[in-house]
Amino acid sequence: MVFSRAGDVYAQSKAIFKPKAKAKTSCTVMRTKYTVSDQLVYRYGVVAGQNVATITSNRSDSQDVMTGLMAGLAAQVIWPKGFVFQPEVLFSKKGCMFADIGLTYAIDYVEVPIKAMYRLHISHVQPFVFAAPYAAYAFRLTQDGNVLNDDDYYTNQIKKFDYGIGVGGGFDVWKIQIAFKYSWGFAKIIDDAFPIRSKVFTFSAGFFL
């Protein structure tokens, strides 16, 4: 009877101090974390395209669209299940044409949009939609292609900072990205009695590595 109780006590103490289940659980958690982080994909590339821009205001002059270059660098962070984060640094020409008086005003910006994308995997073509808030800094104003150097006009009339949001879509195929975007500016870009803001449609192509 004494030996039997001692054996039971020894068996119970061995079961209590057995660490195998905890080690296995820890290993499983570590393996899961590694698998999720390992699925992130990073890509870098260049983008270029065309802006079709105008402004909105209540002035009597008739505003028409103007075209301008958009080009720059981009990066991508691709999450599992189709989510993509794509910040960009761009040169972007915006502005408008005043058809009644035959003048074209263009404002050159350094623009930083940040695209939040959702992408579908359909064979080799991956369509996507996105929203892209942006901030921009104006560094040059031109009239009919001629740079305006009037510091007083530039400083007091043209606002150097703009911000807004764009929405759009497109598709990725191989390393190439085709996209279109429509952007609304929220900032008042010209110091005027009327609210004057930019609106831009952009068509672009990108190449990513």
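Looking at this structure, is Ala136 aliphatic (A, V, I, L, M), in the same structural domain as Gln50 (by TED's automatic domain parsing), surrounded by 13 or more Cβ atoms within 10 Å (Cβ to Cβ) and over 13 Å from Lys94 (Cα atoms)? It is false that Ala136 is aliphatic (A, V, I, L, M), in the same structural domain as Gln50 (by TED's automatic domain parsing), surrounded by 13 or more Cβ atoms within 10 Å (Cβ to Cβ) and over 13 Å from Lys94 (Cα atoms). In contact with a strand residue (DSSP E or B) (Cβ under 7 Å, 6 or more places away or on another chain) and within 30 Å of Arg43 (Cα to Cα) - does that describe any residue in the range 149-157? The answer is no; no qualifying residue exists. Of the residues making up the range 119-133, at least one is at positive phi and surrounded by fewer than 14 Cβ atoms within 10 Å (Cβ to Cβ). For Ala74, the requirement of being modelled with pLDDT of 95 or more, assigned by TED's automatic domain parsing to the domain that holds Ile190 and of a type in the set (Gly, Ala, Ser) is met. Taken together, the criteria exclude Val89 from residues that are at pLDDT 95 or above and crowded, with 17+ Cβ neighbours inside 10 Å. When Phe171, Phe139, Phe186, Phe194 are screened for being in contact (Cβ under 8 Å) with a residue 12 or more places away in the chain and under 27 Å from Tyr42 (Cβ atoms), only Phe171 passes.
The values are calculated or read from the model by the stated rules, or taken from the named source; none is laboratory data. The shown structure was predicted, so the numbers you read here are calculated from the model rather than taken from an experiment. Glycine also receives a Cβ, built like all others from the backbone with ideal geometry; neighbour counts cover every protein chain displayed.
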